[in-house]
Each structure stands twice: as C-alpha cells, then as structure tokens.
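In what follows, a structure is listed as structure tokens, so that the remarks can point back to it.
Coordinate-derived values only; no laboratory data. No experiment lies behind these values; they were computed from the predicted model shown. As a convention, Cβ positions derive from the backbone with ideal geometry for all residues, glycine included, and neighbour counts pool all protein chains shown.
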Amino acid sequence: MDDVFAVLPSDSHLNNILSQLNQCVPSIKFTLEKETDVGLPFLDVLVKRGSNGFPSFKIYKKATHNDSYVHWFSPHPKKIKMGIVVGFFTRAHRICSPQYLDDEICRIRDVFKRLAYPKLLVDDALSRCRKRFYSSDAAVSFNFNNVLVVPIATQKMEKILHPDINIITNNCNNIGSFLKNTNHNTVTSGGVYRIPCMDCESAYIGETNDFKRRMYQHEYALRTGDINSSLYNHRVEMNHRIRTSDAGLIMKTDSAEKRLLYEAFIINNVDSFNINKNNLIDRFTNKVLLQSSKLTYFLKNLNNIT
Ligand SMILES: [Zn+2]
C-alpha cells in the first residue's frame, strides 16, 4: 500500500484516527498530510477544493523534480520521442481540470523546448493527443482479431482489403516518411457555435478555435456548477435543460477576427442567454451588416433551427 486519499468530516480528530490506523499492523506506519490553501497532492495529482465544494485537479510535481527526460539529441528513434511528448500531453488532458489545462500545456511546451525538441513536432504531438482525447470512438473501433502486419502499408492496400482488417506496419521507415507532405488542407475545427436550450427558444452563442475542446469545457462547467458559466446560470435560473451534445458549429473558420465578428453579430441578432455579450460591433455597424442579404439569410436560417 502506498498513498491513501481520505475525506473526513471537518470535526474529526485526525491524530486519533492516525494512531488507531498505526496500531492495526505494526510494520505499516502511516504519515499524515493535510489539505492546505494550495490543495492536497495525491500521487501526481494536486486536488484543489473550489468554493462550490467541487474538487478540481492539476498535475502535481514535487519541488525536487527537474524535468529531465529524453533529450532531442539522444539516439532514441523519433517515434519514441514523439510518443513521450504525446504521453505528457495526454496525461495533462486526463488529469487537469479545464481551467488548468492551458497552463500545463504551456509548461510541457517549455520543458521540451529546453530539451531541443522542434516546435513542429511538439505541435503535432499536441494535435494527435487532442484528436484522440476528444474523439469518443477512436479507441473502440479497433478489432484486435483482424490484424495484418505488413512491412509497408499504403492506402491502396487498405482499399483492396476488407474494411474490417486492421493493417499494422512494423517498419517506421515507410515510404511516407521519405516523401514531403504537400497536403496542407487540415480540417477546420474552429468557428462560431450555438448551444440551444431544450426548453426555450434561446441559445448560447460562442466562438472557439477547437470545438470539441470547448464543448468539453462547457460540459465540465455544467457538471461542476460554475457560476461564471452562462449555460449553468440559464439552467439554474430558468430550470431549463441544456445538453452540449446538441451544440453545433454554425460557421466554420480558423480566423480569430472573423469568429469574433460573427459571434458578436449573431449574439446581437438572435435570442441568446450569454452573460457576457460580445459587444465588438456597435448598433450602427450591426445595421450596416444587416443590409447584407447573405447575412440576413444566414440569420433567418439560424432562427429556424429548432
Ligand atoms: Zn431555456
């Protein structure tokens, strides 16, 4: 047995409980660590208690920890190094509550920057991690019974084989790794989105550069009763039901300026329950934008969504 995490009533006599525990088996001696203002570390997780009573989590590192991992100049294969970075990002996504995730991602970036990892590889590792973490079906669809191991896999091969067969390549020096990637058409994951209320005509309008990630944050805010969340407030004030699974991107774009502008325009012209309304556009600009038949058509369609 190693660490034990225990929640006890605030009027418990901790030292009495500890001495009782230590009398059970003479060879096992427990020590006690109490919650402080910082929180309570448990294994590699720092558990913090919010004012609403719900716990939040972040990565815990001992003060003596010095972030020394495989250096980029070490002879390990690139695949291994990639795996290490993906692993760190994945752990951050699994452990950190949304409010601490960005800081932890920045910290991981700094660590691998110091170890001379190329920025592109770290970016790639993060997007691989997110893709896996935020997609619910990625891990389930793999059938280990129909595996074909080949030295080199090509898309052509996948086409002629039965779709249930999973091809695994055992050689990382495949043809693809010697070719230059000219496909820059990465999928747009950002835009302006709408989360409808199930019980009234109103909706929440937001913008994000990563839709799945943002929905995860909204879901978390609803679950933990975040008083700053418009969704949570609407649910509590009106006693209405809101599901993030009903949300959808109503306009896709990777441009942050466009997203903010459209978000403001839509909020100004539809029934929304956003607490902090994006007031990027004034009434005059709004009027000018409404002259555009394309935009009024867009709004009309939006108001017809049920
Ligand atoms: Zn409602």
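The overall shape of segment 37-139, judged from the alpha-carbon gyration tensor, is oblate: a/c is not under 1.5, and a/b is no greater than b/c.
Please compute the net charge surrounding Arg109, taking Lys and Arg as +1 and Asp and Glu as -1 over other residues with Cβ under 13 Å from its Cβ. Present the calculation step by step, with values, prior to reporting the outcome.
Values: positive: Arg107, Lys113, Arg114, Lys119; negative: Asp67, Asp102, Asp103, Glu104, Asp110, Asp123, Asp124.
Value of the local net charge: -3.
Rounded to the nearest 20, the Cβ-based charge dipole of segment 37-139 about its Cα centre (Lys and Arg +1, Asp and Glu -1) stands at 260 debye. Loop-located trypsin sites (Lys or Arg not before Pro) in segment 192-281 (DSSP state other than H, G, I, E, B) with a sparse environment of at most 15 neighbouring Cβ atoms within 10 Å: Arg241, Arg243, Lys277.
Listed values for segment 228-242 are Karplus-derived 3J(HN,Hα) couplings in whole Hz (6.51 cos²θ - 1.76 cosθ + 1.60, θ = phi - 60°), namely 8, 8, 4, 5, 4, 4, 5, 4, 6, 5, 9, 6, 9, 9, 9, and x replaces Gly and Pro.
Only Lys, Arg, Asp and Glu carry charge here, each on its Cβ (+1 for the first two, -1 for the last two); on that basis segment 223-262 has a dipole of about 140 debye about its Cα centre.
How big is the Kirkwood radius of segment 189-247, worked out from every pair of different alpha carbons and given in Å to one decimal? Don't skip to the end; give the middle numbers.
On the way: mean 1/r = 0.0871 Å⁻¹.
After inverting the pairwise mean of 1/r, the radius is 11.5 Å.
Projecting the Cα atoms of Phe273, Tyr204, Thr253 onto the charge dipole of segment 191-304, computed from C-beta unit charges around the Cα centre, puts Thr253 farthest toward the positive end. Using the Stokes-Einstein relation with a Kirkwood hydrodynamic radius computed over Cα pairs, the translational diffusion coefficient of segment 191-304 at 10 °C and a viscosity of 1.306 mPa s comes to 109 µm²/s.
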